[in-house]
1. Search the range 22-50 for residues that are closer than 9 Å to residue 108 by Cα and pair each with any residue that is more than 16 Å from ligand 1 (Cβ to nearest atom) and assigned to a helix (DSSP H, G or I) when their beta-carbon atoms are under 8 Å apart and the residues are at least 6 apart or on different chains.
2. Being open to solvent by 30 Å² or more (accessible area, probe 1.4 Å) and part of a loop (DSSP other than H, G, I, E, B) is the filter; apply it to the range 95-113 and report the residue that is farthest from ligand 1 (Cβ to nearest atom).
3. Given the structure, is residue 77 more than 12 Å from ligand 1 (Cβ to nearest atom), in contact with a helix residue (DSSP H, G or I) (Cβ under 6 Å, 6 or more places away or on another chain) and open to solvent by less than 30 Å² (accessible area, probe 1.4 Å)?
4. Residue 130 - would you say it is over 20 Å from residue 53 (Cβ atoms), within 16 Å of ligand 1 (Cβ to nearest atom), in a helix (DSSP H, G or I) and open to solvent by 40 Å² or more (accessible area, probe 1.4 Å)?
5. When you go through (1) in contact with a Leu (Cβ under 9 Å, 6 or more places away or on another chain); (2) not in a helix (DSSP H, G or I) one by one for residue 158, which number turns out not to apply?
6. Can you name the condition, by its number, that residue 170 falls short on among (1) open to solvent by 40 Å² or more (accessible area, probe 1.4 Å); (2) part of a loop (DSSP other than H, G, I, E, B)?
7. For the range 177-222, which residues satisfy the criterion of being aliphatic (A, V, I, L, M) and closer than 15 Å to residue 237 by Cα?
8. Picking from 154, 224, which residue would you name as being acidic (Asp, Glu), over 19 Å from the mean Cα position of the chain (by Cα) and within 18 Å of residue 242 (Cα to Cα)?
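The values are calculated or read from the model by the stated rules, or taken from the named source; none is laboratory data. A quick note: this is a predicted structure, and the numbers were derived from the prediction, not measured. When we count neighbours, we look across all protein chains shown, and the Cβ atoms used for this are built from the backbone with ideal geometry, even at glycine. Each accessible area value is taken on the protein alone, full model and side chains, heavy atoms only, with ligands, DNA and RNA left out. Shrake-Rupley method; radii C 1.70, N 1.55, O 1.52, S 1.80 Å.
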Amino acid sequence: MTTVVTRAKWGAVAPRNVPTNITPGKGGVAIHHVGKGSVARSDHAQCAAQVRGIQKFHMEEKGWADIAYTYLVCVHDYIFVGRGKNVRTAANGSNSGNQNWYAVCGLVGDEDTLGEKLVDAYKSAIVDLRTSGGAGRGITGHRDHVSTTCPGDELYQMVKDGALTPGPDVPPPWPGIYLSYPPIMRNSSVTVWQKQMRARGSSITADGAYGPSSKSACTSFQRENGLTADGIVGPATWDATWA
Ligand SMILES: [Zn+2]
Ligand SMILES: [Zn+2]
């Protein structure tokens, strides 16, 4: 299962501004990679530092408002939150590209092995951007928007072959934050979880607010599924909700 690494967890610097003029429903998700050669880290403990380095490069060398990408995905099946949902990217190389397409960058170069965990992370990122980020159905490579070798020939072929296109059975990633009450927690991941609980027969409202009724539904669900009945949606409960 893919896990989201929040900006706080990877140690992001605050953005200079948050441009929200984006209409991703008109496009979808553009696929990127870091660059030439081999750049994937063998040890996941090193991935956060790699993401911090990319943010530093984009903000200090390029002068951009933030790291350019919406999400970054690693070969260990993690999603690092870049600009995040509903924020315009600076990665796609054209006005319409940045306005209509989210940008997901793999922490790989063109000589790295594109394994199953990386593919899973790309798919989870796309599912997440579609289910709670308003992304359209399109999946493109960076080179579809501007003249560039990105995302490398092998990854681009996977885009073209549909190898990164998620099937209906791909669950959205665990959002990297525990859904709990009290206090009432409101965010788009709560809505995603509530909708899935409703699809399983629960009568809770999908209002994006995790309060007493969500906690109670969660606790019952955990009891029925042999999980620790603490009323908190962590990775195991999130995963079981889509099992
Ligand atoms: Zn690119
Ligand atoms: Zn990693």
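1. That search, which allows pairs on different chains as well, returns 41/47.
2. If we take residues in the range 95-113 being open to solvent by 30 Å² or more (accessible area, probe 1.4 Å) and part of a loop (DSSP other than H, G, I, E, B), then 113 is farthest from ligand 1 (Cβ to nearest atom).
3. yes
4. No.
5. Unmet for residue 158, out of (1) in contact with a Leu (Cβ under 9 Å, 6 or more places away or on another chain); (2) not in a helix (DSSP H, G or I): (2).
6. Just one mismatch for residue 170, condition (1).
7. 177, 179, 190, 192, 197, 217
8. 224
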